[in-house]
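These notes concern the structure reproduced below.
Laboratory data are not the source of any read-out in this text; all were calculated from the coordinates shown. Model, not experiment: these values are computed from the prediction. Please note: Cβ atoms are built from the backbone with ideal geometry, for glycine as well, and neighbour counts cover all protein chains shown.
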Amino acid sequence: MSTAHPQTLYQALLAMQFLLFDDYVIHAVQNQDTQVLERCNRRDMQAWVMASSVPLILERLSATGKADESRKALGDFLSAVTLMPVTGEELKSGLKSDAPAYSHALALELAARHKLQGIVTTQPAAFPKSDIPVVTPEQLDGVLAQAQQPEPAVPLLNILATYPQIMEGAEAAWMSVIRSGYFILGPQVEQLEKEMAAYCGVTNAVGVSSGTDALLLALMTADIGEGDEVITTPFTFFATAGSISRTGAKPVFVDIEPDSFNIDPKKIESAITPNTRAIMPVHLYGQCADMDAINAIAQKHNLLVFEDAAQASGATYKGKQAGSMGDFGCYSFFPTKNLGSFGDGGMVTVRDADLFEKCKILRVHGGAPKYYHKLIGGNFRIDALQAAVLRAKLPFLDTWLGFRRANAQRYTKLFTEAGLDSVIGLPPEVVPGHTFNQYCIRVKDGKRDALRAALAEKKIMTEIYYPVPLHLQECFADLGHKKGDFPVSEQAADEVLALPAANEVTETQQKHVVATIRAFFK
Ligand SMILES: *Cc1c(COP(=O)(O)O)cnc(C)c1O
C-alpha cells in the first residue's frame with residue numbers, strides 16, 4: 001500500500017477531510033478495498049481514524065482471521081491515514097450523548113471538533129441525525145464532486161500544514177514530557193541540542209528561549225557591551241539590532257546588496273573603528289550572507305562573527321549550514337520560521353569550547369554551581385515541550401525546505417512565462433542553498449501597496465518584511481541617522497512584498513497569485 005507523498009498531505013489539508021468509521025476500516029482491510037486511500041493519494045481528501053478505536057478494530061479483524069496477518073494489514077492501512085487522538089475529556093463527553101451507540105456519538109463529536117467534512121461508514125443508518133454528512137464509500141465521490149471548492153484563498157502560511165506528518169510523534173513526545181514532569185531543560189533539550197548540532201555540523205549547541213534571546217545571550221557570552229560597536233544590516237527584523245543595543249553596545253549599520261538583501265561585504269571595512277568588536281550578518285529570507293567575504297574581514301580585523309540565522313535554519317553556503325560559519329550562530333524556532341516550535345524557542349551554536357560552557361551558565365542566570373554566581377546572566381531556557389516538538393520536526397526539515405524551494409522555482413517560472421519578470425523584481429538565488437523562508441518580489445514605481453491591496457481583494461495574503469529599515473526607527477534616533485543614509489535598504493523597504501510560498505502552497509494557488517498580479521499590471 002502506498003503512502004501519500006508528504007506534500008499531498010499538506011495540500012489535502014486544504015481539501016476534504018473525512019473520518020473513517022470503524023466498520024469501514026474493518027471492511028477495507030478485510031476486502032483490500034483501497035478506494036478511499038487512493039483518493040487520499042490523489043489529494044482529493046485526507047482520512048482520519050479515531051485512535052481509541054484501533055484496539056477494537058484489531059480485535060474484530062483477528063476474530064475472523066489470523067491475528068498476525070490482521071495486525072500487519074491494519075498497520076499498513078493506518079500508515080496511510082492520520083490517527084486522531086481522543087482525549088479523556090472527549091471520551092467522557094461522548095458518554096453524555098443520548099445517541100444509541102457510544103462510538104457513533106463519539107465519532108460525530110470528534111468530526112465536529114476537528115471540523116471534518118464528514119464520516120465514511122458502511123452503515124450510515126446506524127448514525128443518529130446530525131449536520132455532519134455520513135456517507136458510504138460509494139457516495140463519497142458524489143460528495144467530493146458536489147462540495148463547493150472553497151474560494152482559492154491563499155494564506156501566507158498555514159502553521160498547521162506540517163501537523164499531520166508530525167502529529168503522532170509530537171503528541172507522543174508531549175505526553176511523555178508531561179508524564180516525566182521534566183518541563184525546563186532536561187533530557188529532551190539535551191537531545192535536541194545534540195541533534196541540531198549534528199544537523200548543523202557543529203559541536204556545541206545551546207537551546208534557548210527565543211531567537212532574540214539567542215542573539216542577546218551570544219553577545220553576552222562574548223562580553224559585548226558598553227563602548228563596543230557591532231556592525232550589522234539595517235534591513236532585518238528588529239531583534240538583530242535591538243539585541244546589540246540591549247547589551248549597551250552600539251549597532252553600526254552597513255547597507256545591503258540589492259540582489260541578496262544581505263549586508264554588503266564591500267561596505268563593511270569603512271565602518272570599522274577601534275571600538276568595533278564584531279560583525280552580525282543576517283541570512284535574510286533564508287539565504288546566507290556572503291560568509292567567506294565577511295569571515296575574511298573579521299579575521300583581518302580580529303572581530304567576532306555572530307550569524308543571525310533566525311530565518312535560515314537549514315540554509316547552506318558552499319555546503320556549510322547557516323549558523324555554523326561564525327563564532328556564534330543564532331537560530332529562532334518561532335512558529336513561522338523554517339523550523340518552528342509550538343511556541344517560542346531558539347538555539348545558539350558556539351565555536352569555542354570555553355565560551356560554550358560560559359553560554360550554558362549565562363542561560364541559567366550565571367549560576368555555577370546553582371545559586372553561586374560569578375556572572376550575571378538571565379533566564380534564557382527553552383522548555384522541554386518545545387524541544388520535543390522540534391525533535392519530531394527536525395527529520396523532516398530538509399524535505400519541507402525542498403518544497404519551499406520548488407515553490408520558489410515555480411513562481412519564478414510562472415512569472416517569467418507571464419512576461420512579468422521585467423515588470424517586477426524576482427528574488428535571485430545569489431548563493432545556492434536559499435531556503436525561501438520568504439519569497440519576496442520587488443514592486444517598483446511606488447506600486448507595491450496598491451498591488452498588495454489588489455491581492456488582498458482576491459484573498460491572497462502578503463506581508464512586508466520590513467517596511468521601515470532600522471536606522472529610521474524612532475528608538476534608534478540617537479544614532480543620528482537620516483533618510484538617505486542607507487539607500488539600498490530604504491529602496492528595498494519601499495519595494496519588497498512577500499508572497500505565499502510555504503510548503504503547503506499549491507501550484508493552483510501560485511497560478512492564482514501570478515494571474516492576479518498580471519491582471520494588476522495590465
Ligand atoms: C525572527 C527573527 C529574530 C527573532 O527571533 P524570535 O524567536 O522571534 O525572538 C531575530 N532575527 C531575525 C532576522 C528574525 O527573523
Task: Local net charge near residue 301, Cβ-Cβ under 13 Å (Lys/Arg +1, Asp/Glu -1) - done: 0
Task: Estimated Rh, region 315-425: Kirkwood, alpha-carbon pairs, angstrom - done: 17.1 Å
Task: Ranked list, fewest to most other Cβ atoms within 10 Å of each Cβ, for 481, 114, 283, 471 - done: 114, 481, 471, 283
- [ ] Please work out the C-alpha center-to-center distance from region 318-392 to region 239-300 and express it in whole Å.
- [x] 21 Å
TODO: Quickly estimate the mean residue ellipticity at 222 nm for the chain, helices only: each DSSP H run with n ≥ 4 gives -39500 (n - 2.57), and the total goes over all residues, rounded to 500.
DONE: -12500 deg cm²/dmol
TODO: Pop the C-beta distance of residue 519 and residue 67 into the FRET formula with R0 = 45 Å and round what comes out to the nearest 0.05.
DONE: 0.15
- [ ] Please state the charge dipole magnitude for region 113-238, taken about the Cα centre, from unit charges on C-beta atoms (+1 on K and R, -1 on D and E), reported in debye and rounded to the nearest 20.
- [x] 700 debye
Task: Cβ-Cβ FRET estimate between residue 136 and residue 191, R0 fixed at 35 Å, reported to 0.05 - done: 0.15
Open item on the list: How charged is the neighbourhood of residue 210? Take every other residue with its Cβ under 14 Å from the Cβ of residue 210, and add Lys/Arg as +1 and Asp/Glu as -1.
Closed with: 0
TODO: Could you size up the charge dipole of region 296-397 around its Cα centre, putting +1 on the beta carbon of Lys and Arg and -1 on that of Asp and Glu, and report it in debye to the nearest 20?
DONE: 140 debye
Open item on the list: With unit charges on the beta carbons (Lys and Arg positive, Asp and Glu negative) and the dipole taken about the Cα centre of region 159-279, which residue among 268, 230, 174 sits farthest to the positive side?
Closed with: 174
Open item on the list: Report for the chain the percent antiparallel among DSSP-assigned beta bridges with both residues inside it, nearest 5.
Closed with: 45 percent
Open item on the list: At a 10 Å Cβ-Cβ cut-off, how would you order 48, 174, 400, fewest neighbours first?
Closed with: 174, 48, 400
TODO: First obtain the Kirkwood hydrodynamic radius of region 6-150 from its Cα pairs, then insert it into the Stokes-Einstein equation at 37 °C and 0.692 mPa s, and state the resulting D in µm² per second as a whole number.
DONE: 211 µm²/s
Open item on the list: With 10 angstrom as the radius, rank 449, 354, 255, 308 by how many other C-beta atoms surround their C-beta, starting from the fewest.
Closed with: 354, 449, 255, 308
- [ ] Multiply the residue gap between residue 259 and residue 56 by 0.36 nm, knock off their C-alpha separation, and tell me the result in nm, one decimal place.
- [x] 67.2 nm
Task: Full-stretch length increase - residue 160, residue 447 - with 0.36 nm per residue and alpha-carbon distance subtracted - done: 100.1 nm
Task: Potential lengthening between residue 273 and residue 126 on full extension [0.36 nm per residue; Cα-Cα distance subtracted] - done: 45.0 nm
Open item on the list: Taking each pair of distinct Cα atoms in the chain once, what is the resulting Kirkwood hydrodynamic radius in Å?
Closed with: 25.4 Å
